[in-house]
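Since the structure comes first, as structure tokens, the remarks are kept for the end.
The values are calculated or read from the model by the stated rules, or taken from the named source; none is laboratory data. Predicted model only: the values in this text are computed from it and were never measured. Positions of Cβ are generated from backbone atoms using ideal geometry, with glycine treated the same way; all protein chains shown enter the neighbour counts. These area figures cover heavy atoms from the full protein model, side chains too; ligands, DNA and RNA do not enter into them. Shrake-Rupley method; radii C 1.70, N 1.55, O 1.52, S 1.80 Å.
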Amino acid sequence: MQMQAISKPIIIITAPSGSGKTSITRYLLAKYPQLAFSISATTRSPRGLEQDGIDYYFLSADAFREKIQQDAFVEWEMVYEGKYYGTLKEELNRIWDKEQVPVLDIDVKGAIHVQQQFPGRVLSIFIQPPSVDELRRRLESRGTETPESLATRVNKASYELSFSHHFNQVIVNDVLETACATTEQAIKNFLGW
Ligand code: 5GP
């Protein structure tokens, strides 16, 4: 039976920080040109080689708040202390206009909001670390955290793990290649590829 294609679908990859969701998202985007990364707006500063309009739309807090006033966001959150992140409506339209499927790499609360707004059009995948201890080890080995920011991220992650049942599919990222393959298959099933 031919499946009816979903009009303007959305794929969300969400997870506690350090679960490997960015690696999985990069793998998918490199393999499937029909998918497009949904570039979020944020008020945090660029890190390393990050570029405006590629990794994020880097906005001042004033510019971000103005967009909130204009109702320009599908969802927005203060993900970390004083830093806003949000998905712009015009970003999703930009991608759909090119006949591509947006892939959102967003936090758990943002993911729940997007799902509520687009019933029947979202595939939400929750990438779960094998354990909180393993997550702590991964964050430590990344070497980008201070003891305080590590504790903040681990606490946030433990809390976010309790939301996994809100999502269409939970994929445990024990072995990255396996998690990538399982995610890929879930997307193919959803889009009828
Ligand atoms: P980072 O600062 O490490 O790039 O991102 C921090 C967290 O913010 C990650 O969990 C990332 O998925 C999340 N994030 C990125 N963009 C958005 C967004 O548009 N909305 C929400 N709610 N979270 C986002």
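If I ask for residues that are among the hydrophobic types (A, V, I, L, M, F, W, C), closer than 12 Å to Ala15 by Cβ, modelled with pLDDT under 95 and outside any strand (DSSP E or B), which ones from region 149-192 would you list? Let's see the steps before the verdict.
Our first condition is that a residue be among the hydrophobic types (A, V, I, L, M, F, W, C); within region 149-192, this holds for 150-151, 154, 157, 161, 163, 167, 170-172, 175-176, 179-181, 186-187, 190-191.
Applying the additional criterion that residues be closer than 12 Å to Ala15 by Cβ yields 157, 161, 163, 167, 170-172, 179.
From what's left, modelled with pLDDT under 95: 157, 161, 163, 172.
Hits for region 149-192 are Ala157, Leu161, Phe163.
Of all the listed residues (Ser164, Ser141, Ser124), the sole one being open to solvent by 10 Å² or more (accessible area, probe 1.4 Å), touching a helix residue (DSSP H, G or I) at 6+ places or on another chain (Cβ under 9 Å) and hydroxyl-bearing (Ser, Thr, Tyr) is Ser164. Annotation: Ala30 fulfils all but one of (1) open to solvent by less than 60 Å² (accessible area, probe 1.4 Å); (2) free of Cβ contacts under 8 Å to residues at least 12 places away in the same chain; the unmet one is (1). Of the residues making up region 1-23, those that are at pLDDT below 95 and within 30 Å of Ser60 (Cα to Cα) are Ala15, Pro16, Ser17, Gly18, Ser19, Gly20, Lys21, Thr22, Ser23. Among the residues making up region 4-31, a single one is farther than 24 Å from Gln116 by Cβ and over 17 Å from the mean Cα position of the chain (by Cα): Lys31.
So that you can scan it fast, the table gives a plain yes or no per residue for (1) open to solvent by 40 Å² or more (accessible area, probe 1.4 Å); (2) touching a helix residue (DSSP H, G or I) at 6+ places or on another chain (Cβ under 8 Å); (3) near the ligand (Cβ under 8 Å from one of its atoms):
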residue: Ala5; (1), (2), (3): yes, yes, no
residue: Ala15; (1), (2), (3): no, yes, yes
residue: Gly20; (1), (2), (3): no, yes, no
residue: Arg26; (1), (2), (3): yes, no, no
residue: Glu75; (1), (2), (3): no, yes, yes
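Please go through region 53-72 and give me each residue that is of a type outside the set (A, V, I, L, M, F, W, C) and surrounded by 10 or more Cβ atoms within 10 Å (Cβ to Cβ), ordered by number. Hits for region 53-72 are Asp55, Tyr56, Tyr57, Arg65, Glu66, Lys67. Here Glu50 fulfils each of the conditions (1) without any contact (Cβ under 8 Å) to a residue 24 or more places away in the chain; (2) crowded, with 18+ Cβ neighbours inside 10 Å apart from (2). Condition check for Val132 on (1) more than 26 Å from Asp55 (Cα to Cα); (2) at pLDDT 95 or above; (3) surrounded by 13 or more Cβ atoms within 10 Å (Cβ to Cβ): one failure, at (2).
Pairing each residue of region 175-190 that is at negative phi and free of Cβ contacts under 8 Å to residues at least 60 places away in the same chain with any residue that is open to solvent by 70 Å² or more (accessible area, probe 1.4 Å) and in a helix (DSSP H, G or I), provided the two are 6+ apart or on different chains, yields no C-beta distance under 6 Å.
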